[in-house]
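A.B. asks: Got a structure here, written out as structure tokens. Questions coming.
The values are calculated or read from the model by the stated rules, or taken from the named source; none is laboratory data. Because the structure is a prediction, the values reported are computed rather than measured. Note that each Cβ is placed from the backbone with ideal geometry, even for glycine, and that neighbours are counted across all protein chains shown. For accessibility, only protein heavy atoms count, side chains too; no ligands or nucleic acids. Shrake-Rupley method; radii C 1.70, N 1.55, O 1.52, S 1.80 Å.
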Amino acid sequence: MNVVTVSTTPFTGQKPGTSGLRKKVKVFAQPGYLENFVQSIFDNLSGQAGKTLVLGGDGRYFNDVAIQTILRMAAAAGFGRVMVGQGGILSTPAASAVIRKHGAFGGIILSASHNSGGPDGDFGIKYNLANGGPANETFTEAVYARTQSIGAYHYVDAPDVDLGALGETALGGMTVQVVDPVADYAELLETLFDFERIAELLARPEFRMRFDAMHAVTGPYAKAILERRLGAPAGTVANGTPLPDFGGGHPDPNPVYAADLVAALADPRSGLSFGAASDGDGDRNMIVGRDFVVSPSDSLAVLAANHACVPAYAGGLAGVARSMPTSCAVDRVAQSLGIPCFETPTGWKFFGNLLDAGKVTLCGEESAGTGSNHVREKDGLWAVLFWLNILAARNEPVARIVRGHWQAFGRNVYSRHDYEGIETARADRLFAELRGKLAALPGTEVAGQRIETADDFAYTDPVDGSRSEKQGVRILLEGGSRVVFRLSGTGTEGATLRVYLERYVADAALHEVPTQTALAPLVALAEKIADIAAITGRHEPDVIS
């Protein structure tokens, strides 16, 4: 085995965000850039000699190049085996499932999630631990520190591995095992849901669904499970072939980027009863009924309230968890069930300890991510199957189920306003000034809304005691309404300001008030408190979801 050592110098800015390192493809393509980061991961591992690493990605541009580089470096790092998805494809939840099933040492997932792809698009990389979940902040901080002092990286001099054929290949002293990317994941999902009941639903002549894979990684998974295993008609999965540039689209399952799906469900001529979509790496989801889009926060709450419909969860939930910006709808369900509800910072890694400790069963984020203790990542197709299982068990349409939920628990009217690509200095100034106002806000009235408390959210992990500070500014109002300000950690250019708006409405007579109309007073409050227009120059958000 010929190990080559290459001298290198650090790159600035290789600090992982909420879900790994994400940059433009052109940044990753710089000589040594990917290698420096991967070597920094490997330099922070111990005990990997002879062990198994799982590797795969969402098929975006640069995925194939990166995998060959990582394979050579993994051999030099002493791994005994790398399990890689055929064609380099492995969805994020499937990677977690493979890590857990095969007792792998860890995994490397290549994705920039819902960000755009192609030569001018984004790329990303993250390391997952042996539990199948994203590395914790302690590990990612150590990786970042190493990127700032790294002086060399190592790889085995060997030809590319054929990723198109299943089977094993030797690379230096390491075995590369090309695996079916769908098999283990599909097998796991079949243990959770009532597949026969779902198949009966899909066979009904009056029930038609469409799953928009957005030319991203879930296409092969959805075709295998929905069409071949569950018997949905061919063509149920739209845009099902993963493409390096996602067909020129933006693989983010929301009403803006999946507008065609929303329009189809709103058109009675389509004959569609149910629609769903997933994102670039398969961990997010959107649920759509006839002329009705389910918000991610409501979706989490409905899943929790209807857990008894699904075999894997019929015995009860240990608890639930949500990210802090996610609406409090699931909190009300947890209270009714007599189970704990944990509020964590944004980032799926914060759910890992709770899941491993058995404190929660379901968890979710407002950014279209929901999941359970079956893996340690959010899982888009899992959420779709959960909804199908509920629909099959209750024999009611999506809109009736959600409206019935509002009747029982009240409605948490919710929206997120995104201001993208803000100059970093302006974003930092906005938050510095906002934090400076917090102490004086409680007890005051702004834009007709009385503020009860205001703080900068901090989280102490109830399992290991670790502390995370400055996780988002919260303005809590009388009556249960909230405004939350947070800078996103998933973008690649400038800063994205996210403003989360939530109003609790108990009165059923007001449940049908349009979302943005109901939230208009909170929009005014957010602008007045944070001076968004004055500081950023933005008078309207770029995306409303």
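A.B. asks: Once neighbouring chains are kept in place and the probe is 1.4 Å, which whole percent of the accessible area of the chain is contributed by carbon and sulfur?
C.D. replies: 49 percent
A.B. asks: Continuing with the same structure: Can you list, largest first and rounded to whole Å, the semi-axes you get for the stretch 453-516 by taking the square root of 5 times each eigenvalue of its Cα gyration tensor?
C.D. replies: 28, 19, 11
A.B. asks: Another question, then. Using a cut-off of 14 Å between beta-carbons, work out the net charge of the residues near Leu171 (Lys and Arg +1, Asp and Glu -1, Leu171 not included).
C.D. replies: In short, -2.
A.B. asks: Moving on. What is the diffusion coefficient of the stretch 137-265 in µm²/s, taking the Kirkwood radius over Cα pairs and the Stokes-Einstein relation at 20 °C with a viscosity of 1.002 mPa s?
C.D. replies: 115 µm²/s
A.B. asks: Provide the net charge surrounding Thr69, with neighbours chosen by a C-beta distance below 15 Å and charges set as Lys +1, Arg +1, Asp -1, Glu -1.
C.D. replies: Local charge sum for Thr69: -3.
A.B. asks: Sticking with this structure for a sec: Measure of size requested: the Rg and Dmax of the stretch 57-174, with Cα atoms as the atom set and Å as the unit; please supply both.
C.D. replies: That works out to 14.4, 39 Å for Rg and Dmax.
A.B. asks: By average Cβ neighbour count within 10 Å, what is the ranking of 205-212, 323-330, 18-25 from highest down?
C.D. replies: 323-330, 18-25, 205-212
A.B. asks: Ignoring everything but the protein chains, give the 1.4 Å probe accessible area of His511 in square angstrom, nearest 10.
C.D. replies: Approximately 10 Å² for this residue.
A.B. asks: What's log10 of I(q)/I(0) for the stretch 14-53 at q = 0.14 Å⁻¹, Debye sum over Cα points only, no solvent?
C.D. replies: So the normalised log intensities work out to -0.40.
A.B. asks: Between Ser7 and Ala165, what length in nm is gained on full extension when 0.36 nm per residue of separation is reduced by their alpha carbon distance?
C.D. replies: 53.5 nm
A.B. asks: Give me the Kirkwood hydrodynamic radius of the stretch 343-391, using the inverse of the mean 1/r over all pairs of distinct Cα atoms, in Å to one decimal.
C.D. replies: Across the stretch 343-391, the inverse of the average 1/r is 11.2 Å.
A.B. asks: So for the stretch 1-69, Kirkwood radius off the Cα pairs, Stokes-Einstein at 4 °C and 1.567 mPa s: how many µm² s⁻¹?
C.D. replies: Rounded to a whole number, D works out at 93 µm²/s.
A.B. asks: Okay, next question. Between Asp157 and Asp180, what's the calculated FRET efficiency when r is the beta-carbon distance and R0 is 25 Å? Round to 0.05.
C.D. replies: Using R0 = 25 Å, I get an efficiency of 0.25.
A.B. asks: Report the normalised scattering of the stretch 236-341 as log10 I(q)/I(0) at q = 0.14, 0.16, 0.19 Å⁻¹, calculated by the Debye formula with identical scatterers on the alpha carbons.
C.D. replies: So the normalised log intensities work out to -0.69, -0.85, -1.03.
A.B. asks: Follow-up question, since we're still on this one. Could you tell me which helices of the chain pass both thresholds, a Cα extent of 18 Å or more along their own axis and a mean Kyte-Doolittle hydropathy of at least -1.0, with helices taken as whole DSSP H runs?
C.D. replies: Span-like helices here: 63-76, 380-394, 424-437, 515-530.
A.B. asks: Moving to a separate point now. Would you mind pulling out the separation of the Cα centroids of the stretch 222-246 and the stretch 323-354, in Å?
C.D. replies: 32 Å
A.B. asks: Where does each of Thr218, Thr12, Thr52 land when they are ordered by accessible area, with a 1.4 Å probe and the largest first?
C.D. replies: Correct descending sequence by accessible area is Thr12, Thr52, Thr218.
A.B. asks: A further question follows. By average Cβ neighbour count within 10 Å, what is the ranking of 390-403, 93-106, 519-532 from highest down?
C.D. replies: Ranked from most to least packed, the peptides come out as 93-106, 519-532, 390-403.
A.B. asks: Please arrange Asp418, Asp455 by accessible surface area, largest first, computed with a 1.4 Å probe and ligands excluded.
C.D. replies: Asp455, Asp418
A.B. asks: Using only the heavy atoms of the protein chains and a 1.4 Å probe, how would Tyr414, Tyr504 rank by accessible area, largest first?
C.D. replies: Putting Tyr414, Tyr504 in descending order of accessible area: Tyr504, Tyr414.
A.B. asks: Taking a 21 Å limit on the Cα-Cα distance, which of the listed pairs Lys23/Lys126; Lys349/Lys378; Lys24/Lys470 fall beyond it?
C.D. replies: Lys24/Lys470, as the Cα separations exceed 21 Å there.
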